[in-house]
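Beneath this line is the structure, given in structure tokens, with notes to follow.
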Amino acid sequence: MSEKQPRVMSGMRTTQSLHIGNYFGALKNWLELQKQYECFFGAMDWHAMTNAYKKPKEIDEYTKDIIADWIAWGLDPEKNVIFIQSMVPEHLELSMIFANLTPMGWLERVTTWKDAKEELQQSDAYNLGRFSYPVLQTADISIYQASLVPVGKDQVAHLEISREIVRRFNRLYKAKLPEPKPLLTETPLITGTDGRKMSKSYGNVLPLTAEPKKIEKLCKKMVTDPQRVTREDPGNPEVCPVYDFHKLYSTNEDLQWVMKGCTTAGIGCGDCKLKLAANINEKMADALAKKKDLLKDSRKLDSIIVEGSRRARTEAQKTLAYVREMMGFSDYSPWGDS
Ligand code: TRP
Ligand code: SF4
């Protein structure tokens, strides 16, 4: 295979709807990458199944919701290949091939397994699918022969295994699948509405897209500087989660308004939160309208998904044919060419 433009591939598990942590941690970066590279973005429902297999219907709904969010926030379904993992069965075929050349020890040592093992044993996600998660993830990338993988720090260990697996494959079969490299996303630490790390399990997330009323409600509930007990007490924005959100959504002018008003007790926390909600809602308005439109007429979204998954599958089939050829497996093409 000759020198090609590097391909980008990334994905998100579809176990929850997107919150702003997903935006600043991943989607924002994808929106930049689409300008420059050929990109494959997958809604990873098989990965969601590794721990949410008791609620497949929910996974299915989140899958749609997430793809609607991607597009609503500006991911272009024509420029990029946007697909659902389970619509492209070649992921699983390649995963099975890779599974054979992945020693148990590699998977046992990966931190996302080792550190979560006890917790997993107590839960109902101590299973083979969860154990082999990084193998499937490797197939996700290699099935498109992608070499650049935008991910957060938490995924670096997986990418290391991916490189090992691909190297081993290439050595064994004299193949030339690209070794995937992480494109690290530098992200601000996103705090939740209660000041702890934003996480669904803490119930402190700010949704990426929501109705204005809901945003207002969430803002009102936010934790503030604990030292500021009454309206008359001056506060310190630097220790206040509300101010953290202002930094993400508000203009410099508004930041100064908060800083001055808070430290001099010129404004109350209620004023500060209302301003925040207004700013968030303003930034969200376009995407919210677009997302609602996509979800209202499900034929539109469905056809985007079908079209994207078809394009993905065409590429995946090419890679799988190459993989079989390098392994020396015969090509009987029992189902014809299509
Ligand atoms: N494991 C990734 C996460 O939890 C999601 C994912 C699945 C992925 N397959 C991928 C990311 C392939 C990049 C490439 O964030
Ligand atoms: Fe926080 Fe704003 Fe209240 Fe100051 S005024 S403590 S920044 S919510």
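Laid out as a table, the results:
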{"read-out": "Residue in the range 98-119 that is within 14 Å of ligand 1 (Cβ to nearest atom), in contact with a Leu (Cβ under 8 Å, 6 or more places away or on another chain), under 30 Å from PHE169 (Cα atoms) and open to solvent by 20 Å² or more (accessible area, probe 1.4 Å) present", "value": "no"}
{"read-out": "Residue pairs meeting the criteria (Cβ under 9 Å; at least 6 apart or on separate chains; first under 12 Å from PRO182 (Cβ atoms), in the range 149-169; second among the basic types (Lys, Arg) and not in a helix (DSSP H, G or I))", "value": "VAL149/LYS181; LEU159/LYS181; ARG163/LYS181"}
{"read-out": "Filter pass, VAL306 being away from ligand 1 (no atom under 16 Å from the Cβ), of a type in the set (A, V, I, L, M, F, W, C) and farther than 30 Å from GLN85 by Cβ", "value": "no"}
{"read-out": "Selection status of LYS213, open to solvent by 90 Å² or more (accessible area, probe 1.4 Å) and in a loop (DSSP other than H, G, I, E, B)", "value": "no"}
{"read-out": "Per-region count, the range 108-164, residues in contact with a Phe, Trp or Tyr (Cβ under 6 Å, 6 or more places away or on another chain) and within 24 Å of TYR53 (Cα to Cα)", "value": "4"}
{"read-out": "Filter pass, THR102 being in a helix (DSSP H, G or I), assigned by TED's automatic domain parsing to the domain that holds ILE82 and more than 16 Å from ligand 2 (Cβ to nearest atom)", "value": "no"}
{"read-out": "Subset of the range 129-176 that is under 14 Å from ARG109 (Cα atoms) and acidic (Asp, Glu) - its residue that is farthest from the chain's Cα centre (by Cα)", "value": "GLU164"}
{"read-out": "Residue count for the range 1-49, restricted to those that are without any contact (Cβ under 8 Å) to a residue 40 or more places away in the chain and in contact with a helix residue (DSSP H, G or I) (Cβ under 9 Å, 6 or more places away or on another chain)", "value": "2"}
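Each row is one residue, and each column tells you yes or no for (1) of a type in the set (A, V, I, L, M, F, W, C); (2) under 21 Å from VAL156 (Cβ atoms); (3) in contact with a Pro (Cβ under 9 Å, 6 or more places away or on another chain).
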site: PRO89; (1), (2), (3): no, no, no
site: ARG109; (1), (2), (3): no, yes, no
site: THR112; (1), (2), (3): no, yes, yes
site: PHE131; (1), (2), (3): yes, yes, no
site: SER142; (1), (2), (3): no, yes, yes
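Yes or no, residue by residue, for (1) within 16 Å of ligand 2 (Cβ to nearest atom); (2) part of a helix (DSSP H, G or I); (3) crowded, with 16+ Cβ neighbours inside 10 Å:
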| site | (1), (2), (3) |
| --- | --- |
| ARG130 | no, yes, yes |
| THR138 | no, yes, yes |
| TYR144 | no, no, yes |
| ASP154 | no, yes, no |
| HIS158 | no, yes, yes |
| SER162 | no, yes, yes |
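The values are calculated or read from the model by the stated rules, or taken from the named source; none is laboratory data. Note that the structure is a prediction, hence the values are computed from the model and not measured. Glycine gets a Cβ as well: all are built from the backbone with ideal geometry, and neighbour counts include every protein chain shown. Areas reflect the complete protein model, heavy atoms only, side chains present, ligands, DNA and RNA absent. Shrake-Rupley method; radii C 1.70, N 1.55, O 1.52, S 1.80 Å.
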